[in-house]
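Just so you know, all these numbers are worked out from the coordinates, no wet-lab data involved. Since we're looking at a predicted model, the values are computed, not measured. Because the Cβ atoms are built from the backbone with ideal geometry, glycine has one as well, and the counts that use them run over all protein chains shown.
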Amino acid sequence: MFEANPMKSRLLGNTGIEVSEVGFGAWQIGADWGTEIPKDLAISSLHTAVDAGINFIDTADVYGAGRSETIIGEFLKERNETIYVATKMGRGSSEWTDSYDQIAKAAEDSCKRLGVPALDLIQLHCIPEQTLMAGKAFENLEKIKDVGLIKNYGASVETIEEALFCIRSSSASTLQVIFNIFRQRVISDLLQAASRNRVGIIARVPLASGLLSGKFTKDHHFAENDHRKFNCDGQMFNVGETFAGVPFESGVDFAIEVERILEGQLPNANLAQKSLRWILDHEEVTTVIPGAKNPEQTRQNAAVSAFNSLSIESHEKLSDLYKEKIDKQVRGRY
């Protein structure tokens with residue numbers, strides 16, 4: 001059934017850091033969407049993650065306007081293990097620029113909230129393409145790395161074109177990209193290039209905003225403050241960040257088809273776990289960062305590291321499903 005192995009780790013790009021192949025995505029604990037997760041429950045989930053072998057947490061300065069980083073900072077004081085925290089900057093403020101002073105200030109503020117002297121990994125947070133490709137942000141990240149404010153840097157991007165630019169034109173150690181069963185173009189167009197250049201891949205939106213949990217029906221109603229409600233068609237930010245760009249009702253149908261294809265695979269695993277396993281079956285991926293709203297979800301996510309790979313036949317069928325039906329429905333540039 002499942003291999004009884006502990007959490008496995010993978011090398012994070014050219015950083016020399018070994019991180020757990022399942023990480024902890026901390027957007028939800030920022031309370032930016034859906035029902036707010038109480039701080040005590042968030043910290044309990046973080047403890048569960050580390051107890052299960054997770055040593056990589058991904059957050060951002062805009063998650064809850066600093067709430068996520070602050071909670072993580074409180075949590076870090078309670079643990080003695082080596083835990084790597086990746087955060088992000090440059091999103092959510094029309095006043096953000098790529099100047100040295102602004103980047104250094106953002107890094108300093110994140111350090112204060114996290115309670116650390118230097119950031120393990122800072123990522124540009126889906127900044128405008130024109131700003132990204134101007135290259136000045138990377139120059140300034142190098143400068144603040146030289147003064148010891150950050151240890152490594154990378155970028156979270158919206159498109160494969162942006163990712164390839166970062167590989168060609170910067171010394172970024174990591175790229176954070178949307179990668180899941182509904183967004184498979186990354187396999188052919190990015191993963192090998194990243195691997196050749198020793199750039200770590202962090203897979204975000206791994207469950208397509210919950211669609212790949214298989215729990216939703218077409219008549220599901222999301223809360224008004226949930227991005228799955230207010231950004232379902234890209235009203236507020238990139239449409240691909242919600243449901244991986246797939247229209248909700250179509251995504252519900254696709255999830256049913258995915259579940260049928262994976263029936264019999266990994267007995268006792270749910271669809272969310274199988275979907276995470278599909279991502280980890282791509283060895284070029286360093287870590288996947290699902291969110292969790294409670295300790296049980298955290299345990300279920302972490303358990304995926306010990307699962308056997310999905311069958312080659314299942315991968316082929318999911319590839320065919322993507323090419324024949326899903327790809328044409330993904331909205332937005334990617």
What lysines does Lys112 reach when the alpha-carbon gap must be under 30 Å and sequence neighbours fewer than 8 apart in one chain are set aside? Lys39, Lys77, Lys88, Lys136, Lys143, Lys145, Lys151, Lys293
Once the other residues with Cβ under 14 Å from the Cβ of Ser9 are scored (Lys, Arg +1; Asp, Glu -1), what is the net sum? -2
Rotationally averaged projected area of segment 126-193 (alpha carbon convex hull; nm²): 4.7 nm²
Okay, helix-only estimate at 222 nm for the chain: each DSSP H run of n ≥ 4 adds -39500 (n - 2.57), divide by all residues, round to 500 deg cm²/dmol; what do you get? -10500 deg cm²/dmol
How far, in degrees from 0 to 90, does helix 39-51 lean away from the longest principal axis of the Cα atoms of the chain, to the nearest 10? 80 degrees
What is the calculated FRET efficiency for Glu259 to Lys323, with r their C-beta to C-beta distance and R₀ = 22 Å, to the nearest 0.05? 0.70
If the chain between Glu108 and Thr35 were fully stretched, how many nm would it gain, using 0.36 nm times the residue separation less the Cα-Cα distance? 23.3 nm
State log₁₀ I(q)/I(0) for segment 230-320 at q = 0.18, 0.22, 0.23 Å⁻¹ as given by the Debye formula over alpha-carbon point scatterers of equal weight, solvent excluded. -0.97, -1.25, -1.29
Under the definition of Cα pairs under 8 Å and six or more residues apart, what whole-number percent is the relative contact order of the chain? 24 percent
In whole Hz, what ³J(HN,Hα) sequence does segment 208-219 give by Karplus (6.51, -1.76, 1.60; θ = phi - 60°), x for Gly and Pro? 6, 6, x, 4, 7, 8, x, 8, 9, 10, 5, 9
Phi-derived 3J(HN,Hα) across segment 75-88 with the Karplus relation (6.51, -1.76, 1.60, θ = phi - 60°), rounded Hz, x for Gly and Pro, is 5, 4, 5, 9, 10, 10, 5, 6, 10, 9, 10, 9, 10, 9
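So what are segment 281-334's ellipsoid semi-axes, whole angstrom, largest first, if each one is the square root of 5 times an eigenvalue of the alpha-carbon gyration tensor?
Details: eigenvalues 129, 61, 25 Å².
Calculated on Cα positions only, the semi-axes equal 25, 18, 11 Å.
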Both in Å, the radius of gyration and Dmax of the C-alpha trace of segment 46-111 are 13.4, 40
Please report how far the C-alpha centroid of segment 178-230 lies from that of segment 271-287, rounded to the nearest whole angstrom. 11 Å
C-alpha long axis of helix 271-280 to longest principal axis of the chain, angle in °: 60 degrees
Roughly how compact is the chain, stated as its Cα Rg over 2.2 N^0.38 Å to two decimals? 0.93
Can you spot the lysines whose alpha carbon is less than 27 Å from Lys317's alpha carbon? Ignore those fewer than 8 places along the same chain. Lys8, Lys215, Lys218, Lys274, Lys325, Lys328
Loop-resident sites, segment 199-302, for GluC sites (Glu not before Pro), counting at most 16 other Cβ within 10 Å (DSSP): Glu224, Glu263, Glu283
Give me a comma-separated list of calculated 3J(HN,Hα) values for segment 230-246, in order, Karplus coefficients 6.51, -1.76, 1.60 applied at θ = phi - 60°, integers in Hz, x for any Gly or Pro. 7, 10, 4, 10, x, 5, 10, 8, 3, 4, x, 6, 10, 6, 6, x, 8
Run the simple label-point estimate for Thr82 and His220 please: 7 Å along Cα→C-beta, distance reported in nm. 3.8 nm
